[in-house]
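All remarks here apply to the structure that follows.
The values are calculated or read from the model by the stated rules, or taken from the named source; none is laboratory data. On a predicted model such as this, the values are computed, not experimentally measured, just so you know. Ideal geometry is used to build each Cβ from the backbone, glycine not excepted, and the neighbour counts take in all protein chains shown.
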Amino acid sequence: MQRFDSEDIKEMVHILKVDGVLLVPTDTVFGVCARMGSKQALENMRKVKNRPKEKAFPLMCSSLQQMESIAYIDEESKAIIEAFMPGPLTLIVKKKEEVEEYVNGGKETLALRMATSDTLKEMIEELVEPIFMSSANQSGEDACMNVEDASRACPLAEGILVGEVSYAKASTIIDATNQFQIVREGPIVKEDIVNVLKEKEDAR
């Protein structure tokens, strides 16, 4: 498995462009990623994680604009994104019709994150498409928090970006299609979300 640092953007993007899989540090846990625009890349990522086909992967985007290219983002969702992203947050939103069915297993929603480091943002921008992003582990096992554990857990990945995670805790997941229900609480708590939505409502 090749090791990269933040200066090796082009080399890492090349791996993604040819449907390879990378291990990368995010703000929450170590992640595993592949490009969104290839069904083969998705299958390769499933093999790396040994993940069942019925489970869709979240997507990481470089910007709000890129999110809006694949999903419907209403004003309340936009307020949440502007308040907490980039950050330890995954937002479930309705997908746009042009998104291929394989991307999310035929579901009507996508789980979106925003690039949590300059390196990931630059990679996604260079790739010119979002990336599938999930925790670096075998499906059902604990997420990895460092380079060595991620390498051992996912030995089939082509490369790994050396770095550290920040929170060492999985992201908060919010379902924007269901009254902003918190599906999983992480570093961002319910009170944080309620306050942002209240400010949005009061500003009307």
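Counting the residues of segment 182-198 that are closer than 18 Å to Ile73 by Cα and in contact (Cβ under 8 Å) with a residue 40 or more places away in the chain gives 3. Is it the case that some residue within segment 4-13 is over 16 Å from the mean Cα position of the chain (by Cα), over 21 Å from Pro187 (Cβ atoms) and either among the polar types (S, T, N, Q) or at pLDDT below 95 (or both)? So far as segment 4-13 goes, yes, one or more of its residues are over 16 Å from the mean Cα position of the chain (by Cα), over 21 Å from Pro187 (Cβ atoms) and either among the polar types (S, T, N, Q) or at pLDDT below 95 (or both).
For segment 139-161, give me the residue count where each residue is part of a loop (DSSP other than H, G, I, E, B), without any contact (Cβ under 8 Å) to a residue 40 or more places away in the chain and either basic (Lys, Arg) or under 16 Å from Thr26 (Cβ atoms) (or both).
So in segment 139-161, the residues part of a loop (DSSP other than H, G, I, E, B) come out as 139-146, 154-158.
The next check asks that each one be without any contact (Cβ under 8 Å) to a residue 40 or more places away in the chain; those that pass are 140-142.
Among the residues that remain, those that are also either basic (Lys, Arg) or under 16 Å from Thr26 (Cβ atoms) (or both) are: 142.
Number of matching residues: 1.
Only residues that are in contact with a helix residue (DSSP H, G or I) (Cβ under 6 Å, 6 or more places away or on another chain) and not in a strand (DSSP E or B) were counted across segment 43-63, and they come to 2.
I'm trying to understand the selection: among the residues of segment 139-181, which are hydrophobic (A, V, I, L, M, F, W, C), under 18 Å from Lys78 (Cα atoms) and over 17 Å from the mean Cα position of the chain (by Cα)?
Result: Phe180, single match.
Taken over segment 15-56, the criterion of being aliphatic (A, V, I, L, M) and more than 19 Å from Val99 (Cβ to Cβ) is satisfied by Ile15, Val18, Val21, Leu22, Leu23, Val24, Val29, Val32, Val48. Taking the numbered list (1) surrounded by fewer than 13 Cβ atoms within 10 Å (Cβ to Cβ); (2) in contact (Cβ under 8 Å) with a residue 12 or more places away in the chain; (3) not in a loop (DSSP other than H, G, I, E, B) in turn, Ile173 passes all entries but (1). All of Glu68, Glu54 fail the test of being surrounded by 15 or more Cβ atoms within 10 Å (Cβ to Cβ) and over 20 Å from Lys17 (Cα atoms), apart from Glu68. In segment 86-138, the residue that is farthest from Leu197 (Cα to Cα) out of those that are hydrophobic (A, V, I, L, M, F, W, C), out of contact with any Leu (no Cβ under 8 Å at 6 or more places or on another chain) and outside any strand (DSSP E or B) is Val128. Here segment 99-134 is the region considered, the condition is being among the hydroxyl-bearing types (Ser, Thr, Tyr) and in contact with a helix residue (DSSP H, G or I) (Cβ under 8 Å, 6 or more places away or on another chain), and the residue that is surrounded by the fewest Cβ atoms within 10 Å (Cβ to Cβ) is Tyr102.
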